[in-house]
Structure formats: structure tokens, C-alpha cells
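Nothing in this text is a laboratory measurement; each read-out follows from the coordinates by a stated rule. Remember, it's a predicted structure, so these values are computed and weren't measured experimentally. FYI the Cβ positions are ideal-geometry reconstructions off the backbone, even for glycines, and counts take in every protein chain you see.
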Amino acid sequence: MRRVLLSVLLLVSCGGAAPAGSTSSVQGTAPSKQSAPSGSELGARSPKAGDELVAFASAEGIARLSRSAYKVDFFTLANHFESQQNLGMCGPTTSVIVLNALRATRDDIVKPRDPRLFPQEFAGNLPEGLDPVFPRYTQGVFFDDERVTQVKSKATFAGQADAEGARDPGIQLRQLGRMLTNFGLHVELRIAEDSLTNETIRQEMRDNLASPNDYVVINYQRKVLGQTGSGHISPLGAYDEASDSFLILDVNPNGKTWVWVKSSTLIEAMRTMDSVENRGYLLVSDPS
Ligand SMILES: [Ca+2]
């Protein structure tokens, strides 16, 4: 059983199903260098001049963040950033980052408590009445929450087939939007269909990055960026006008890194087919 689940996860993306015929792993070994891919790695797509990924932790990456006029979101997201705990968890990880960014300082909102964050065998050493666990959204209890499981169970997420044998592993963008809506957030779903122009997408994401208390969650196909893996979900951190590039706060920095990517390349990566519709992005805020 365990081997079956692992096989399923390796064939799909953490952000939804992989394209038909895809056999690449979700979070496989990263390229040794963040650079434009060869045409053969991308299939039909040929690399374009100037669309190389730029690592966040590089002189050019730092310069882009320094001069960016669209980076308000970066600082709060960085404060609440965490890496995904396994290869399937990009959607839940992105969700808890955004939920904590919006609500960590809100004492009026009841937040989950993950008892596994403190070793229970040492609980007896604590002063009476002291609870060492911070109320916080975590990956560990994400699927314990009915606001999540109303949309998708942990078993389905992990690749378990339903009674008809159908599987829907990972989380599609629309499903993630419904989960965040169930948490009481205001979510605007943007599927990157043909009717949604590149300019509209760029402007909407760019303007959000300069606006506090709302965030952009992107769902994209890694292959278009020349990365290994398939569909992926992460928060967006900043936009640099001079290079026309966005900073992806990749929740899987284990071999990948946070990267700046040309807006046209990122939008092309969002304008790709997932299980039932194109990928895209969410605009998320808290009306409470
Ligand atoms: Ca914002």
C-alpha cells in the first residue's frame, strides 16, 4: 500500500495531476544550476532569450528585491515562510503560510493547535498550566480540519482511489481556493484561460504585491520554467519592473531555490492544463 501511494505521488504534482504521459517526479533532483533549459527538456517549448531564472540569493536577485516597488507582501510572507514537509504538500504549505501571515497576530481568531509541536514525553516538566504550543496553522494538522476535508480528504489527497477507482491526488487550484474560503478568507480564483490576458494577469499580481494584507498564490507547471517536477503551488513574493520578473517563494527550496522568473514565462507556466482546467492563481485576503 505504501509503495502504491508513493508511486502515485511520484507521478503527480503536489498541485494536482500531472499532464498525461508525464513520468517525471514531482520534486525530483533539481538542476545543478538555475538556468534556461534545453529544448529537449521542455518538449515543444523552446527557451527564449532572457527568460533564465535568477536565484533569489544572488547579487542580481538581491538587486531586484532592493529596487522593487512591488514587495510589501514579501516581508510578511518571509516572516511566516516554511518549507513543505513532503513532496505532496505544496498546497497545504502555501495555505498555512498565507493563513499565518494574515492571522498570526490576530488574537481574536481561534487558530489550530498542533500537539506534535512539543514532545509529550516532556510535558510533565512544564510549569502547571503552561501550554508551550503556539496556536498556529500547521501542515501537521491541515487535514485534521473539516474546513479542508469538506473539499478533499487526506486519503484522496494522498492518492487513494475512490469506489470507482478514480484518483484525484494533490490539490487543484480551485480546490485550494475552496479550502481557504472555508477558513473564512476572501478568495478570488483566476484560471489562466485564453480570455484572461497576460497583461491583466501581470497587472493584477503586480498590484497585489504592493498592497498589504492580501496575497497571491500561484499554481504553475515547473517544466515551463525549466525545472524538474510538474505542477506546483507557492506564494508570490515580489515584482521587479526593470526586469519584468516575479519572485516565487518556492515552498520546496530543497534543491530548488526562491527564484525570479520573467512574467511571460510564469504566466505561460500558469496557462497550462491541470486535471480539469488550466492552472492560474488566487488572490487571498481576510475580510474578518
Ligand atoms: Ca498583497
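Structural remarks
- Cα-derived Rg to Rh of segment 83-193, Kirkwood definition: 1.03
- Net charge contributed by nearby residues that have their C-beta within less than 14 Å of residue 172 (K/R +1, D/E -1): +3
- Cut-off 14 Å between beta-carbons: net charge of the residues surrounding residue 284, Lys and Arg +1, Asp and Glu -1: -1
- Additional length obtainable on full extension of the chain from residue 58 to residue 277, 0.36 nm per residue less Cα span: 75.3 nm
- Charge tally in the Cβ shell below 13 Å around residue 16, where Lys, Arg are +1 and Asp, Glu are -1, residue 16 excluded: +2
- Take the Cα of residue 133, step 7 Å toward its Cβ, do the same at residue 163, and the gap between the two points is 3.4 nm.
- Label-point separation, residue 67 to residue 110 (7 Å along Cα→Cβ), nm: 5.0
- Between residue 85 and residue 121, the simple spin-label model (points 7 angstrom out along Cα→Cβ) gives 1.9 nm.
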